[in-house]
Amino acid sequence: TMFYDFAVTIPANTTKASPMEEKVWLSHGIIHRVAVEFPPGCAKLAHMTICDGLHQVWPTNPDGSFASDSHTIMFDEFYPMEQAPYTLTLTAWNLDDSYPHTITVRFGLLPRWTLIPFKVMRGVTKLLGGG
């Protein structure tokens with residue numbers, strides 16, 4: 001299992017029209033877990049989306065963004081990162097006029113074979129001399 005952790009500090013008054021963009025480098029595998037952590041004080045003023053190239057992957061709806069306060073948005077996923085470059089872009093903005101905010105994004109990646117139990121069990125059965 002590979003886990004990646006990226007902290008993005010967004011200055012005050014960073015608009016949606018002119019957001020911060022940070023490219024993050026992952027490795028070959030399947031993203032199986034995503035977590036977006038908003039510490040206390042964000043007050044739903046700091047926003048983030050996650051894109052693969054020009055396509056917004058999370059949240060799924062193109063007009064949506066993650067925003068929260070004292071909460072980690074966490075979900076299971078099956079998103080292949082199997083063709084180089086293994087990069088995503090974190091796009092963030094901060095409507096707070098006084099304070100910067102740091103959003104932490106975490107990705108869990110596993111090899112495809114660990115996420116497909118039937119295929120693995122078939123291989124184990126063959127190894128044990130079964131059909």
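The values are calculated or read from the model by the stated rules, or taken from the named source; none is laboratory data. It should be emphasised that the depicted structure is a prediction, and the values quoted were computed from it without experimental measurement. Note that we place each Cβ from the backbone using ideal geometry, even for glycine, and neighbour counts take in every protein chain shown. Side chains are part of the model used for accessible areas, which takes the heavy atoms of the whole protein and leaves out ligands, DNA and RNA. Shrake-Rupley method; radii C 1.70, N 1.55, O 1.52, S 1.80 Å.
Dividing the mean sequence gap of close Cα pairs (under 8 Å, 6+ apart) by how many residues the chain holds gives a relative contact order of 43 percent. Counting charges near PHE107 (Lys, Arg +1; Asp, Glu -1) among other residues having Cβ under 11 Å from its Cβ returns a value of 0. With a simple spin-label model that places each label point 7 Å from the Cα along the Cα-to-Cβ direction, the separation between HIS28 and ASN61 comes to 3.8 nm.
Surface composition of the chain: carbon plus sulfur atoms hold 58% of the accessible area, using a 1.4 angstrom probe and ignoring ligands, DNA and RNA. For GLY41, the shell of other residues with beta-carbons less than 13 Å away shows a net charge of -2, using +1 for Lys and Arg and -1 for Asp and Glu. If the segment from ALA17 to SER70 were pulled out straight at 0.36 nm per residue, it would be longer than the present Cα-Cα gap by 16.5 nm. Shown is the FRET efficiency for LEU110 and ALA7, computed with R0 = 35 Å from the Cβ-Cβ distance and rounded to the nearest 0.05: 0.95.
Principal-axis analysis of the Cα atoms of the chain puts helix 117-127 at an angle of about 30° to the longest axis. Remark: the chain carries a charge dipole of roughly 720 debye about the Cα centre, counting +1 on each Lys and Arg Cβ and -1 on each Asp and Glu Cβ.
Summing charges over neighbours of ALA84, with a neighbour being any other residue whose Cβ is under 15 Å away from its Cβ, gives -1 when K and R count +1 and D and E count -1.
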